[in-house]
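**Q** This structure is in structure tokens; I'll ask about it shortly.
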Amino acid sequence: SEFVEKDVEEARQGFSRPLHVIEGPLMDGMSIVGDLFGAGKMFLPQVIKSARVMKRAVAYLLPFMEKEKEENLRKQGIDPATLAEDDDSAYAGKVLMATVKGDVHDIGKNIVSVVLGCNNYKVYDIGVMCTCEDILAAARENKVDIIGLSGLITPSLDEMVVVAKALKKEGFNVPLLIGGATTSKQHTAVKISPSFGTLEHPVVHVLDASRAVTVVSSLLSDDKLGYAEDVLEEYEEVREDYFAGMAERKFLSVARARERRFVIDWEADPPVPAPKCGLGVFPVAIGPEMGQGSEESISSLLDYIDWGPFFQTWELRGSYPTRGFPGILKDAKVGEEATKLFNDAQAMLKDIIASGKMWLRGVVAFYPANSTADDDIICWTDESRTEVAYKYCQNRQQEDRGEDTPFMSQADFVAPAPFKDYLGAMAMACHGVDAMATAFEAEHDDYSKILAQALGDRLVEAFAEYVHQKVRKEMWGYCPEEAIMPADLFKVNYQGIRPAPSYPSAPAGIEKFTLFEMVKAGELANMRLTESASMLPASSVSALIFSHPKSEYFAVGSLPKEAVQDYADRRGITLEQGERWLTANLAYDP
């Protein structure tokens, strides 16, 4: 993209109108890019780079086009200032993209928007935390042909249902696309499609950017009804399989599941000692905040970066045995492009370290803790263990999977009274990402914008890995002799776990509010939660820290109504609220 303006100016001189440069060589080039990407012969980073060239070329040509337009209008006796926005009829279609209310994650949405733009679709991206009212208003205002909803956290699933029902109530007749890490074809078919989907306006789950163009073009083609009919038939089969599977599942009662809990012999295998650093809250930091702050450099985290999810963000997937990092760099199909992307990431990291454009702030807390018989974890104000400071309400597996299988809850990993056990918690964020992304967006550089966002996510995960190791070896100090290389940390070959609220072993994201209060995340790390418990900044992580060697990761799985009611009662919320926070785990239709 270094010589874009020079090349575009040369092309402009060879055409009678600047618009012809866009409609000719630029659109021809993007059409080829779209075809190659759709055929799997071009990779996402190449597409995003191509879009950067297109955007910068159009930005260069825009003043010439505006000048030409104004001159023509004046020749017709029309004042240009009285006209509305540019005509968008030349596009193949208009798509509204939004991250739903309470959710702040938009990397995937940004990628899909760029890919659609490369294929001559006008994309109206209205941002993150978009209310249902905002989405409907923007769809009306821009007269869009398709609406796309994105979300990462579990409450976003319910919000998408809310939007779908509102679209039906308000009489919208445009297709609805669903995407994001927490979404699935099954949830779309079972929960969202029945609320809105018809032959005229189906609801379609889009797995990733490589499928987006095919879905959109099919929905706007002459064979739209045929495509929609196939989708509706497929989703009907998904629903039938889902409900048939639910009918076959058997669940234990809450009481019976607790009787068959995961048992630790606390006499023979007692809790680890109290944290060596003491109890309370401990700020942690890396990297300067525009020249001030921690002296420890982000370079300390480089060995702790797990590059696997980074390449997944860019939809680069190697084949065995070169599937993971660093093998993907030598993969026969994607290795060359993966290497270019990795080198670009290294160059940006070098700039981030030198400039201080990103910095990391976090908090770790340790409290005396005990579990209760009804699956709660109590954090006490002090070692007298007489006054409750915080309570974490845990979920327990309920689905019957055989006589010898324990029914696990995270509460099982904390000792009951009178044993003296402890619970840790952490919250941390990478700051400065939004400012970098905004600066790149102003330069029409989507590639660098998405690269910065992806690196922010990798850095905060690396920070969590780095701090958790310090907790085990120094702060809590229950594994002072641990000698695990950073690359092996990703395999979780260490004592203890750090599960996050809203993840499989603790699916209720509402517990994150307790965690943020416990560690003083707002005051000490400049972090906050949305109403749906999505963390801000977007590049953030939080987790509870369990120290016992028998603690392990697991999935709570589906929950019957009795278990959801039990959780709601313990948390002090209504059943309806409990169902909202546990929507992805419900074994019934509320």
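The values are calculated or read from the model by the stated rules, or taken from the named source; none is laboratory data. Since we're looking at a predicted model, the values are computed, not measured. Cβ atoms come from the backbone with ideal geometry, glycine included; neighbour counts cover every protein chain shown. Side chains are part of the model used for accessible areas, which takes the heavy atoms of the whole protein and leaves out ligands, DNA and RNA. Shrake-Rupley method; radii C 1.70, N 1.55, O 1.52, S 1.80 Å.
**Q** Gap in Å between the Cα centre of the stretch 11-83 and the Cα centre of the stretch 372-408?
**A** So the separation of the two Cα centres works out to 60 Å.
**Q** Quick one: accessible area per residue over the chain, 1.4 Å probe, rounded to a whole number of Å²?
**A** In whole numbers, the chain has 45 Å² accessible per residue.
**Q** When the solvent-accessible surface of protein heavy atoms is calculated with a 1.4 angstrom probe, in what order do HIS20, HIS431 fall, highest first?
**A** Final ranking, largest accessible area leading: HIS20, HIS431.
**Q** In addition: What are the extents of the Cα atoms of the stretch 435-590 along their three principal axes, listed from largest to smallest and rounded to whole Å?
**A** 49, 48, 29
**Q** Are there any trypsin sites (Lys or Arg not before Pro) in the stretch 399-459 that are in a DSSP loop and have at most 14 other Cβ atoms within 10 Å? List them by number.
**A** Counting only loop positions with at most 14 other Cβ atoms within 10 Å, the trypsin sites (Lys or Arg not before Pro) in the stretch 399-459 are ARG401.
**Q** Could you give each residue of the stretch 58-69 its phi-based ³J(HN,Hα) in whole Hz, using Karplus coefficients 6.51, -1.76, 1.60 with θ = phi - 60°, and x for Gly or Pro?
**A** The phi angles translate into 5, 4, 5, 7, 4, x, 5, 5, 5, 5, 4, 5 Hz.
**Q** Using just the helices of the chain, give the 222 nm mean residue ellipticity in deg cm²/dmol: DSSP H runs with n ≥ 4 each add -39,500 (n - 2.57), and the total is spread over all residues, rounded to 500.
**A** The per-residue figure over the chain is -12500 deg cm²/dmol.
**Q** Still on this structure, I have one more. What ratio of Cα Rg to 2.2 N^0.38 Å holds for the stretch 514-560?
**A** For the stretch 514-560, the normalised Cα radius of gyration comes out at 1.46.
**Q** Between ALA442 and SER297, 0.36 nm times their residue separation minus their Cα-Cα distance comes to what?
**A** The span from ALA442 to SER297 would gain 49.4 nm if fully extended.
**Q** Taking just the alpha-carbon atoms of the stretch 478-533, what radius of gyration and Dmax come out, in angstrom?
**A** For the stretch 478-533, the Cα-based Rg and Dmax read 14.8, 42 Å.
**Q** Moving on to the next point. What whole-number distance in Å separates the alpha-carbon centres of the stretch 509-557 and the stretch 296-339?
**A** 27
**Q** Residues with amide H under 5 Å of VAL123's amide H, sequence separation 5 or more or different chain, H placed in the peptide plane at 1.01 Å from N; which?
**A** Distant-sequence amide H within range of VAL123: VAL95.
**Q** What is the distance in Å between the Cα centres of the stretch 418-453 and the stretch 111-181?
**A** Using only Cα atoms to place each centre, the spacing works out to 24 Å.
**Q** Continuing with the same structure: Dividing the convex hull volume of the Cα atoms of the stretch 136-273 by its residue count, what figure in Å³ per residue is obtained?
**A** Looking at the stretch 136-273, the number lands at 187 Å³ per residue.
**Q** While we're here: Is the shape of the stretch 270-423 best called rounded, prolate or oblate, per the rule: a/c under 1.5 gives rounded, else a/b larger than b/c gives prolate, else oblate, with a ≥ b ≥ c the square roots of the Cα gyration tensor eigenvalues?
**A** oblate
**Q** Once both axes come from the Cα atoms, what is the angle between helix 224-248 and the longest principal axis of the chain, in degrees from 0 to 90, rounded to 10?
**A** With rounding to tens, the tilt is 10 degrees.
**Q** Going by a ≥ b ≥ c, the root eigenvalues of the Cα gyration tensor, does the stretch 1-140 fall in the rounded group (a/c under 1.5), the prolate group (a/b larger than b/c) or the oblate group?
**A** Because a/c hits 1.5 or more and a/b fails to exceed b/c, the stretch 1-140 counts as oblate.
**Q** Taking loop as defined by DSSP and a crowding limit of 14 other beta carbons within 10 Å, which GluC sites (Glu not before Pro) in the stretch 154-216 fit?
**A** GLU170, GLU200
**Q** When the accessible area of the chain is split by element with a 1.4 Å probe, what percent falls to carbon and sulfur?
**A** Carbon plus sulfur share of accessible area: 51 percent.
**Q** Let me ask you something else. Just to be sure I follow the rule: in the stretch 297-445, considering lysines 8 or more places apart or on different chains, how many pairs have Cα atoms under 26 Å apart?
**A** Qualifying lysine pairs in the stretch 297-445: 5.
**Q** Now for a different question. Cα axis of helix 4-13 to longest principal axis of the chain: angle in degrees, 0 to 90, nearest 10?
**A** Roughly 20 degrees, rounded to the nearest 10.
**Q** Would you please give the residues with an amide H less than 5 Å from that of MET42, counting only those at least 5 places away or on a separate chain, with H modeled from the backbone geometry?
**A** PHE37
**Q** Report the relative contact order of the stretch 1-156, percent, no decimals, based on alpha-carbon pairs under 8 angstrom and at least 6 residues apart.
**A** It comes to 24 percent, rounded to a whole number.
**Q** Given the Cα-Cα distance of ASP7 and ASP241 and 0.36 nm per residue of separation, how much length would full extension add, in nm?
**A** Extra length available between ASP7 and ASP241 comes to 78.7 nm.
**Q** Rounded if a/c is under 1.5, else prolate if a/b is larger than b/c, else oblate: which is the stretch 227-352, with a ≥ b ≥ c the root eigenvalues of its Cα gyration tensor?
**A** Oblate shape, in that a/c is at least 1.5 and b/c is the bigger or equal ratio.
**Q** Using only alpha carbon pairs under 8 Å that are at least six residues apart, calculate the relative contact order of the chain and give it in whole percent.
**A** RCO, the chain: 14 percent.
**Q** For the stretch 400-408, just list the computed ³J(HN,Hα) in residue order, Karplus coefficients 6.51, -1.76 and 1.60, θ = phi - 60°, integers in Hz, with x standing in for Gly and Pro.
**A** 6, 10, x, 5, 8, 9, x, 9, 8
**Q** Work out, in µm²/s and without decimals, the Stokes-Einstein translational diffusion coefficient of the chain at 4 °C, 1.567 mPa s, Rh from Kirkwood over C-alpha pairs.
**A** Estimated via Stokes-Einstein, D reaches 49 µm²/s.
**Q** In degrees between 0 and 90, to the nearest 10, how far off the longest principal axis of the chain does helix 446-470 point, with axes built from Cα atoms?
**A** 10
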